[in-house]
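Read-outs throughout are calculated quantities, based only on the coordinates presented, and are distinct from any laboratory measurement. Every value quoted in this text rests on a predicted model; they were computed, and no experiment measured them. Here the Cβ positions follow ideal geometry from the backbone for every residue, glycine too, while neighbour counts run over all protein chains shown.
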Amino acid sequence: MPSRVDPALCAKCKGARRLCGRPACPIAMRIVESARAAALLGKRELQAATPPSVLVGEYGYPVVRLGPVAAPVSGEEAARYEDYRGWWGRLSLEDIIALRASTAYSRFELRVTEARGGGSRLLEATREAALSVKPVDAEFRFEKPPAPRLTFDGVVTPVGLGGLLRDMRVVENPVVPRRVDQIVGDADAKARDAVAELYRAGADNYYITRLLSLGMLGERARRLVPTRWAITAVDKMLGDLLLERVRGAPEYPALEVRYAEYLGNRYLIVLAPGPWAFEMIEVWLPRSVWVRSAEPYVSVNYELWDGRARNPEADGGYYAMRLPVLEHLSRVRRQATVVAVREVTPSYYAPVGVWQVRESVRHALSSPPVALPRDASELLRELAGRLETSVERILAESRILKRLVRPGAKLDAFL
C-alpha cells in the first residue's frame, strides 16, 4: 500500500527543505509564474545600486553561491528595496513582491573558508559595499543577462533575477562608521563578542547579519555563513545578550496583551508577571501558504529561565519573535513570562521572509496594551476574540500558556 502523506508536510517544510521529494516546491512555482511580468533587466552590464544587500546561499555547502543584490536604480532610492522597517504597514504583499521582482542577485561561487584570505576580487567588492550603512552605486558585469528566478522562502527575502557575476566595481565611497571598521578589523575577537559590540554601537540586526554572513566577524578562522543561518544566529545571539540583562530585572507588574496584524499574519503577545519564560505558538490556518489539509497546523516551542529552547531544531521564526520581546523587556527593565502567538491566514499566500515576523512583533509591542485582570477567564476571552483558531486547540498544544490559564487559577500560582 502507498504510504500516507503527512498533511502537515508543507507547513514543516515551508518550501525550503524539499520534504516532499520534489526538486522544487510546486506551491512556490505557481507563484513564480504570476511574477514574471516584472520588467527584466536584459543586460550583461548594469549600473545600479545595492541597498546594500547581500545573499549567501546554502546549496552545495561548503561551496556556496553568494553576491550582492542590485536594485534597478542608483543612489539613495535603492534603500527602499530592502527597507523592512519602512515597509511594515505601508506595503502590501503584492507591493513587496513587485518591488523585489526587479532586484538582481549577482552571484559567484566560493568555498566558505575562502573568507579568510583576500584572494577573491568579487568577495572584496561585495564586502566593500556591504559595510556601507547607505546605498552604494556599483557597476555589475554578468556572464549573460540575469534571468527570472523569483522564489519564496520563510526566512530570506525573495529576489527577482539571478545572474553569474563576472566583475563588480564599487564606484562611490561606502559610508562605514568608525566603530564598525574597528570591530571588523579585530581578528582576535570572537564572533559573539563582535556581534554584541556592533549592537551596542547602534547597528541593527540586519546590518550585523550582512557582516556575519560574509565572514567579516570573529577570529582569524572566519568563514562565509549562508544568509538563512546568519539571520537566525544573529537573532539568537542578540536575544541571549539581552536575556542576561532581563533575567535579573523585577517582574512585569501586570498582565497585558499586545496585538498587530500585517500581510495576513496575526500576532498576539501575552506579557504576564513572573520569571522569564517564552513560548512561541505558530498556527497555520487551512489553505494558508504551506498547509494543504483541512485542519490548522500548530507548532510550539518554548524556553524557561535558562534560555534554552526545548525544541533544538527551533527555526528562524522562533528567534525572530524572541528578539523583539527581549528588546522590549530590556527597555522597560522587566522580566516576564511571555507567550507569542502567530496565526497565519490564507491571505499570506507568498512568504517574503522572516523580517515581517520580527517587525510585526516590534509593532505589537509598541502598540497600546490591553490590560487584563490577573485571572484566566479574561485572558481566554481576549485570545478567543482575536484569533480564528479555537483556544482549546491552542491550549492542547501549549506548555506555558496552558499553565497560565488553568481554571480558577491566579497566574502567580504557576510561576
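Each Lys or Arg adds one and each Asp or Glu subtracts one; over the other residues with Cβ under 9 Å from the Cβ of Ala191, this totals +1.
Using DSSP, restrict attention to beta bridges with both residues in region 255-414 and report what percent are antiparallel, rounded to the nearest 5. Once the DSSP bridges in region 255-414 are tallied, antiparallel ones form about 75 percent. Amide H contacts of Arg166 (H built 1.01 Å from N, in plane; Pro and chain starts excluded): Arg141, Phe142, Glu143 sit under 5 Å, all sequence-distant by 5 or more or on other chains. The phi-based Karplus calculation (6.51 cos²θ - 1.76 cosθ + 1.60; θ = phi - 60°) puts the 3J(HN,Hα) values of region 318-327 at 4, 6, 5, 7, 5, 4, x, 5, 5, 4 Hz, whole numbers, x for Gly and Pro. Each peptide in 394-402, 184-192, 50-58 was scored by the mean count of other Cβ atoms within 10 Å over its residues; highest first, the order is 50-58, 394-402, 184-192.
Among beta bridges from DSSP that stay inside the chain, the antiparallel ones total about 75%.
Neighbours of Asp204, meaning other residues whose beta-carbon lies under 13 angstrom from its beta-carbon, give a summed charge of 0 when Lys and Arg score +1 and Asp and Glu score -1. Reported to the nearest whole Å, the Cα centre-to-centre distance from region 191-234 to region 326-378 is 25.
Spatially, region 129-151 and region 265-280 are offset by 39 Å when compared through their Cα centroids.
Only Cα pairs under 8 Å and 6+ residues apart enter the sum, and on that basis the relative contact order of region 255-414 stands at 33 percent. Largest GNM mean-square fluctuation across Arg393, Arg107, Arg247, computed for the chain with C-alpha springs under 10 Å, falls on Arg393. Computed over the chain, the percent of Cα pairs more than 36 Å apart is 28. Taking amide H positions as modeled 1.01 Å from N, with prolines and chain starts lacking one, the residues under 5 Å from Leu255 and 5 or more places away or on another chain are Leu372. Phi angles of region 181-195 translate, via the Karplus equation with coefficients 6.51, -1.76, 1.60 and θ = phi - 60°, into HN-Hα couplings of 4, 5, 5, 5, x, 8, 7, 9, 7, 6, 4, 4, 5, 5, 4 Hz per residue; Gly and Pro are given as x. The mean sequence separation of alpha-carbon pairs under 8 Å and at least six residues apart, normalised by the residue count of the chain, gives a relative contact order of 16 percent. Rounded to the nearest whole Hz, the Karplus-based 3J(HN,Hα) values (6.51 cos²θ - 1.76 cosθ + 1.60, θ = phi - 60°) of region 76-83 follow the sequence 4, 4, 5, 4, 6, 7, 8, 9, with x at glycine and proline. Charge tally around Arg100: other residues with Cβ under 13 Å, Lys/Arg +1 each, Asp/Glu -1 each, net -3.
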